[in-house]
Structure formats: structure tokens, C-alpha cells
Amino acid sequence: MSDRSVRVAVVGVGDFGRNHARVYRQLEGVELVGVVDSDFERARSIAAEFATQALPNLESLGGRVDAVSVAVPTREHARIGCLLLGQGIDVLVEKPIAASVSEAELLIDAARRDARVLQIGHLERFNPAFQGVLPIIKEPLYFEVHRLGVFSPRSLDIDVVYDVMIHDLDILLALADSPVTSIHALGIPVITDKVDIAHARLQFASGAVANLTASRVSTERVRKLRFFQEHEYISLDYARQDLLRVRVRRPAPQPEFDFEPIPTRQEEPLAAELRAFVDAVRHRTTPLIDGRAGLRALELADRVMSGILEHNQRVQVDAFLPPREN
């Protein structure tokens, strides 16, 4: 495959899938063969926009493509992913990996059985600001994470923990590199019948602690990670793709600080993610975020959701939603 273009397709061309098609069309060494969607008119529209073709079904992909991005509702991830893997196609599945741990394991088993690449779309791992953190991470002690977004009528089939917070759960597992020993969580529905805003406090075996807030009903967009390690504080802004390191030069009572912006190479994270996927397909290597990484993030998200449900049962939280009309 190293001497020819990697042939790709996108299954599910809503907001996420359309962006996958757009980026594939721009990548060197990649041929966008087609798109598939349950709404064929939408598939035709996206195909026309990106000079490719609308294919009628999943079966039409066999033998025509090397790799596929799957950007369909979460409940369909395992079914569609396993079908494609069984056709000998490498697969990138948008996060979360699947609707349940058992379905995630089906995907992982299918990829192993069919010797296929399986990558999970945890996009923020490819954000230049996160990449800039990796060389300076030591032993983080305390994390503060905020991921707030305005309402969008997408991914409403899952709670905000799986839609939004799971990005940061995956990041924390990578940075803390330690098992989570306890979780305290709460969350409520606000404008849907799922949890729309959530907060969690995680404790790690290393002694580190993380506070996370995730919302899809905010009036502003915030995507920030801050953490403290010995004698310094790191502030990361995913949206601006910038990174600030603050070192303590002299402690109290008259503290002095060094403020050091860390250079980052600005790039669209989706382009970096899809390029990494294509490279794994071309060279038959294990992707950075493989099925096991996706499973670990999902298992932690499940633990957070269990904590929310237990808390709500204990305090009998009422949703903000008005009664449904008959």
C-alpha cells in the first residue's frame, strides 16, 4: 500500500462525518472513494460538495476501500464497525468507542481476529496544545478541567459524559498514568432527557486529584485543562491551541514566578488525527488511540455515570425539563 493512495470512505455524513470527508479530500496520498449515509440525499449532497460519490450501503464498500471513518450514532458503532472489519476494512470509530463495554469488546475482538486497524476518534489527543504538554509532564498532582459548549442538536442519544466529558477522561488517563481509585460525580438533565451538565472528582492511585466539569448547555465555549506539578502550573487551552507554563522561582511570603509560553505548531486536530489513521493503515501499525484506549475511556465514563445516577437517586434530583405535552 505504500506505493499507492489509501482509499477511504466515510459512513455517516452529519456534522462530524462531513468534516471527515472534507479533511480526507485535502490529505495527500488519500483517495476519497465515497460516502454512505442512511439519508441518501444527504450522502449525495456531501458527495457533490467533495467531488466523490454517494454509495448505496455498507456492502458496497467491500473491495473498494482500504479504510473507513464511522461517524454514526453511538448505538450503531459496534454493528457497523464489526461489519466493516469483517470485510477486511480498517476502521476509525468516532468516540465513544461503543454504546457499552460489551459492544466495545466486540469491536476489539473483530479487529484482532481480522488483523485490522481500529482507531478511536479521541480528537483532543491530536491537539497541538496537548502534544506540547507531553515533553514537560512529570508527576501531576491536581487537575482542573472545564469543557463547556453551547447547545447543539447532535449526539443527543447519549449523556454529556459520553458526548463531551469522555474527551477529558481519556486525556486524564494518558496524563495521570495511574488507576482511578474513587469517583464522586453529579449531573442533571437541563433541556434534554439525558444528563446535560456534569461534574466529577476523580482520585488516582498516585495521589493525584482531578475535578472535571462538562456541559452542552453553556452560554459560552470553554475547553481548558490546568494542572499543577512540583513547583509549577500548566495551563492548556484546546480552542486556542496554546500552552502556558508558570514556574515558582521563589515561594511565599514574597513569591516570584516565571511565565513561559510553550510554542505549539498550529494545526487542525482532525487533520492530524486522520493523517495518523492513514499512516497506521498504510504501515500496518497500532494507532495511538486503539480499541483498548477507547475501552478504558468508556469504562471510566461508565463509572462516572454510575456515580451520577447513585447521587441523583440519593437526593432525588428533579430534571429542569417541563412535563411532556400529550
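Quick look at the values:
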read-out: Estimated dipole of the chain in Debye, rounded to 20 [Cβ of Lys and Arg +1, of Asp and Glu -1, Cα centre]; value: 340
read-out: Extension gain from residue 182 to residue 249, taking 0.36 nm per residue of separation minus the Cα-Cα distance; value: 20.7 nm
read-out: Segment residue 315-residue 112, extension gain: residue separation times 0.36 nm, minus the distance between their alpha carbons; value: 68.7 nm
read-out: Simple Cβ-charge dipole of the range 196-282, Lys/Arg +1 and Asp/Glu -1, about Cα centre, in debye nearest 20; value: 100
read-out: Between 0 and 90°, nearest 10: helix 291-315 axis offset from the chain longest Cα axis; value: 60
read-out: Table column - 3J(HN,Hα) (Hz), the range 121-134, Karplus curve with 6.51, -1.76, 1.60, x for Gly and Pro; value: x, 7, 4, 5, 5, 9, 5, x, 5, 5, 4, x, 6, 4
read-out: Relative contact order (%) - the chain, alpha-carbon pairs under 8 angstrom, separation at least six; value: 18
read-out: Pair residue 222, residue 292: separation of 7 Å Cα→Cβ label points (nm); value: 3.6
read-out: Extension gain from residue 205 to residue 60, taking 0.36 nm per residue of separation minus the Cα-Cα distance; value: 47.4 nm
read-out: Cα pair distances exceeding 24 angstrom across the chain, given as percent; value: 58
read-out: Sparse-neighbour loop sites [trypsin sites (Lys or Arg not before Pro); the range 148-234; at most 15 other C-beta within 10 Å; DSSP]; value: 154, 221
read-out: Dimensions in Å of the range 6-116 - Rg and Dmax from alpha carbons; value: 13.1, 38
read-out: C-alpha long axis of helix 166-176 to longest principal axis of the chain, angle in °; value: 60
read-out: Between 0 and 90°, nearest 10: helix 77-86 axis offset from the chain longest Cα axis; value: 50
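Every read-out reported here was derived from the displayed coordinates using simple, explicitly stated rules and does not represent laboratory data. Remember, it's a predicted structure, so these values are computed and weren't measured experimentally. Positions of Cβ are generated from backbone atoms using ideal geometry, with glycine treated the same way; all protein chains shown enter the neighbour counts.
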